[in-house]
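Visitor: Structure below; questions to follow.
The values are calculated or read from the model by the stated rules, or taken from the named source; none is laboratory data. Bear in mind that the values here come from a model prediction, so they are computed numbers and not experimental data. Cβ coordinates were reconstructed from backbone atoms using ideal geometry, including for glycine residues, and neighbour counts include every protein chain displayed. Each accessible area value is taken on the protein alone, full model and side chains, heavy atoms only, with ligands, DNA and RNA left out. Shrake-Rupley method; radii C 1.70, N 1.55, O 1.52, S 1.80 Å.
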Amino acid sequence: MKQTKVWEKIEVDSEVQIQIDYFLEGFESRKEKINLRLEDFNNIDKTDPNKIFEELAFCLLTPQSKAKFADISIKNLKKNNLLFQGEATEIQKQLSGIRFHLTKSQRIVEARETFSNFKFDYSDIFSLRNKIANAFKGIGYKESSHFLRNIGFGEDIAILDRHILKNLVKVRVINEIPKNITPKKYIEIENKMRKFCKKIRINMAQLDLLLWSEETGKILK
């Protein structure tokens, strides 16, 4: 396999090599589906504020909740015309399977107001991520990265949830999962992950979907 040959020049122990080969083999078997999913993200109409806000609201719901439940909840809100105009008390009733639904329903309402005056400058994704994390309550670096990936800007940024971090430990990109991740620590780990991705010739967005497909059996968002 071509990607595996890259690692023949890298000194890694046999346990790490086995895990790397497992990643590469998994990617080869899922590459077409992964790339099609990423193409869906890339094709999102970034000039449509409703679609962009929908993706932002989705990422507000995902912390400590499964992506499939966040997706169902967003669909429920759209179906009932609540995503763009519902009150928090109305929104919370539609958040199926979402933890902290009272807080998150209020976060969606607050995000709508912030969003209406927010300027999205996609020329510098890293600056934009920082700006989003500082502007929207309930969205940190992880959620901001998730949002940007979901609208087609994920090739060079990492979504550092515990599942991704666990796998980075397996291949010795990091030594352990940190108890707390500050923005500085986030960028430090992200830089290490980026170097790893370059070595195995898989971009950050591809690796994220690969690892999540291993966890869930599906290529979700």
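Visitor: Calculate one ³J(HN,Hα) per residue across the range 54-67 by plugging θ = phi - 60° into the Karplus curve 6.51 cos²θ - 1.76 cosθ + 1.60, and present them in order as whole Hz with x for glycine and proline.
Guide: 4, 5, 5, 5, 4, 6, 5, 8, 6, x, 6, 9, 6, 4
Visitor: Residue-wise, which Karplus ³J(HN,Hα) couplings in Hz belong to the range 153-164, taking 6.51 cos²θ - 1.76 cosθ + 1.60, θ = phi - 60°, and x for glycine or proline?
Guide: Using θ = phi - 60°, the values come out as 10, x, 5, 10, 10, 10, 9, 8, 8, 5, 5, 5 Hz.
Visitor: Which trypsin sites (Lys or Arg not before Pro) from the range 145-193 combine a DSSP loop assignment with at most 12 other Cβ atoms within 10 Å? List each step's numbers first, then the result.
Guide: Numbers: sites: Arg149, Arg162, Lys166, Lys170, Arg172, Lys179, Lys184, Lys185, Lys192; in loops: Arg172, Lys179.
Passing both the DSSP loop test and the Cβ count: Lys179.
Visitor: Related question: Could you list which residues have their amide H under 5 Å from that of Ile174, counting only those 5 or more apart in sequence or on another chain, with H placed in the peptide plane?
Guide: Sorted by chain and number, the residues that satisfy this are Val169.
Visitor: Oh, and also: For the range 83-221, compute Rh as the Kirkwood radius over C-alpha pairs and then the Stokes-Einstein diffusion coefficient at 10 °C and 1.306 mPa s; write the answer in µm²/s, rounded to an integer.
Guide: On the way: Rh = 16.4 Å.
In µm²/s, the coefficient rounds to 97.
Visitor: Carbon and sulfur together cover what percent of the accessible area of the range 2-142 at a 1.4 Å probe radius?
Guide: Values: 3880 of 8280 Å².
Roughly 47 percent of what the probe reaches on the range 2-142 is carbon or sulfur.
Visitor: Just report the Cα centroid separation between the range 27-51 and the range 140-161, whole Å.
Guide: Taking the Cα centre of each part, the range 27-51 and the range 140-161 sit 13 Å apart.
Visitor: Mind jotting down the distance between the C-alpha centroids of the range 166-188 and the range 83-115, whole Å?
Guide: Cα centroid to Cα centroid, the span is 31 Å.
Visitor: Let me ask something else about it. Here is the link list: Lys79/Lys104; Lys46/Lys185; Lys66/Lys198; Lys68/Lys104. Which ones come out longer than 26 Å on Cα distance? The partial results should precede the final answer.
Guide: Details: Lys79/Lys104 18 Å; Lys46/Lys185 30 Å; Lys66/Lys198 29 Å; Lys68/Lys104 16 Å.
Flagged as over cut-off: Lys46/Lys185; Lys66/Lys198.
Visitor: Further question: Keeping all protein chains in place, calculate the accessible area per residue for the chain (probe 1.4 angstrom), answer in Å². If you can, show how the numbers build up before the last one.
Guide: Values: 12080 Å² over 221 residues.
Result: 55 Å² of accessible area for each residue.
Visitor: Which of rounded, prolate or oblate describes the range 104-145 when judged by the alpha-carbon gyration tensor and an a/c cut-off of 1.5? If you can, show how the numbers build up before the last one.
Guide: Numbers: a/c = 3.09, a/b = 1.48, b/c = 2.09.
Here the range 104-145 falls in the oblate category.
Visitor: Run the reach check for Lys179 against lysines, Cα to Cα strictly under 16 Å, same-chain hits fewer than 8 apart removed. What comes back?
Guide: The reachable lysines, counting only those whose Cα sits under 16 Å from Lys179, are Lys142, Lys166.
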